[in-house]
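Visitor: Sending over a structure as structure tokens; questions will come in a sec.
Just so it is clear, none of the values below were taken in a lab; they were calculated from the coordinates. This one's a predicted model, so the numbers in the text were calculated from it and none came from an experiment. Here the Cβ positions follow ideal geometry from the backbone for every residue, glycine too, while neighbour counts run over all protein chains shown.
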Amino acid sequence: MQFDQPLAASYKSTTHNRELMQAARETLRGRWGLAIGVPFLIGLIQLAVKLLGYIPLIGFVFSIAAWLIAGAFALGLTVFWLSLSRTGNGSLDQAFSGFQRFGTAFLAALLMVIFTLLWTLLLIVPGIIASYRYSQTWFVLADNPQMDALDAIRRSKLLMQGNKWKYFCLGWRFFGWLLLGILSLGIGMLWLAPYMRMSYAKFYDDLKPAA
């Protein structure tokens, strides 16, 4: 979704959440191995870096590194999900592409944490609403390589105006699946996580300029 609309434009997700989830399942059909494997590998890398943080004396270096690389991986995985959603193809290279924009990705992650924390200091609910406002930031950055972190956050806020409830309802539809994933000792999450990510990618692409 390359943006050619003025900043004052408003956007609206018009497709029912049930249909977005169905579209996600159709995209994932025959591609579950890829959809599970790439994020799983990235997760292992991040986990390894975090575990290295427990090494005496030098562990703090890895602890800092784990925090620094989180944004780059979040951006790279978003590029992967959008590519898989739109074309049916995705690659491991895409998951590392966020490092090409390391500074922007790091700043986006940092700003989102700070802004959400500031809202949470008021009350829990405003903090949750703030997280919804910023939920499209990685998608915006993935689609707009020249955009900086703060502009991407602003664009996410614009995209989510009038769409936060629908986004909440989309997430709520996975609650039962989440319980099953927990009861399966986390094994079910291997399938649930890609299903959710793909559904959110479909949600983003469904956001259209409102008439």
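Visitor: Rounded to the nearest 0.05, what FRET efficiency do LYS208 and ILE128 have when you use their Cβ-Cβ distance and R0 = 22 Å? Before the final figure, lay out the partial values.
Guide: Numbers: r = 25 Å, r/R0 = 1.15.
It comes to 0.30.
Visitor: Label 7 Å along Cα→Cβ of GLN161; region 110-136 residues with amide nitrogen under 17 Å?
Guide: Of the residues in region 110-136, 130, 132-136 have backbone N under 17 Å from the label point off GLN161.
Visitor: Oh, and also: Taking neighbour counts of Cβ atoms within 10 Å as a proxy for exposure, in what order, fewest first, do ILE36, ILE182 appear? Display every interim value, and only then the final one.
Guide: On the way: ILE36 16, ILE182 12.
Placing the least packed residue first, the sequence is ILE182, ILE36.
Visitor: Right, something else. Provide the FRET efficiency to the nearest 0.05 for the PHE60-ILE182 pair, computing r from the beta carbons and using R0 = 45 Å.
Guide: Efficiency, rounded to the nearest 0.05: 0.90.
Visitor: How big is the convex hull of the Cα atoms of region 141-211, per residue, in Å³?
Guide: On the way: hull volume 7.6 nm³, N = 71.
Each residue corresponds to 107 Å³ of Cα convex hull volume.
Visitor: Pull up the cross-link candidates among the lysines for LYS202, meaning alpha carbon to alpha carbon under 19 Å and not fewer than 8 places away within one chain.
Guide: Partners found: LYS12, LYS157, LYS164, LYS166.
Visitor: Under a crude label model (7 Å from the Cα following the beta-carbon direction), how far is SER10 from GLN22 in nanometres?
Guide: 2.8 nm
Visitor: Something else about it: Starting from the Cα gyration tensor of the chain, take the square roots of the eigenvalues, sort them a ≥ b ≥ c, and report rounded, prolate or oblate (rounded when a/c is under 1.5, otherwise prolate if a/b is larger than b/c, else oblate). Before the final figure, lay out the partial values.
Guide: Numbers: a/c = 1.43, a/b = 1.17, b/c = 1.23.
It comes out rounded by the Cα gyration axes.
Visitor: Could you line up SER91, SER83 from fewest to most neighbouring Cβ atoms inside 10 Å?
Guide: On the way: SER91 14, SER83 17.
By the 10 Å Cβ count, ascending, the order reads SER91, SER83.
Visitor: Moving to a separate point now. Kirkwood hydrodynamic radius (Cα pairs, Å) of region 100-187? Mind dumping the intermediate values first?
Guide: On the way: mean 1/r = 0.0698 Å⁻¹.
About 14.3 Å for region 100-187.
Visitor: Testing the spin-label approximation: label points 7 Å from Cα along Cα→Cβ at LEU92 and TRP67. State their distance in nm.
Guide: 3.0 nm
Visitor: Rounded to the nearest 0.05, what FRET efficiency do PHE175 and ALA48 give with R0 = 25 Å and r taken as the Cβ-Cβ distance? Could you check? The partial results should precede the final answer.
Guide: Numbers: r = 31 Å, r/R0 = 1.22.
Computed FRET efficiency for PHE175 and ALA48 comes out at 0.25.
Visitor: Test of understanding: what is the full-extension gain from GLN100 to ILE36, defined as 0.36 nm times their sequence separation minus their Cα-Cα distance? Walk me through the numbers before you get to the answer.
Guide: Details: separation 64, 0.36 × 64 = 23.04 nm, distance 2.34 nm.
Stretched fully, the GLN100-ILE36 segment lengthens by 20.7 nm.
Visitor: If you take the charge dipole of region 15-206 about its Cα centre, with +1 on Lys and Arg Cβ and -1 on Asp and Glu Cβ, which of LEU20, LEU150, MET198 is farthest toward its positive end?
Guide: Most positive-ward Cα: LEU20.
Visitor: What percent do you get for the relative contact order of region 58-112 when only Cα pairs under 8 Å and 6+ apart count? Let's see the in-between values first.
Guide: Numbers: 55 pairs, mean separation 22.9, N = 55.
Reported as a whole number, the value is 42 percent.
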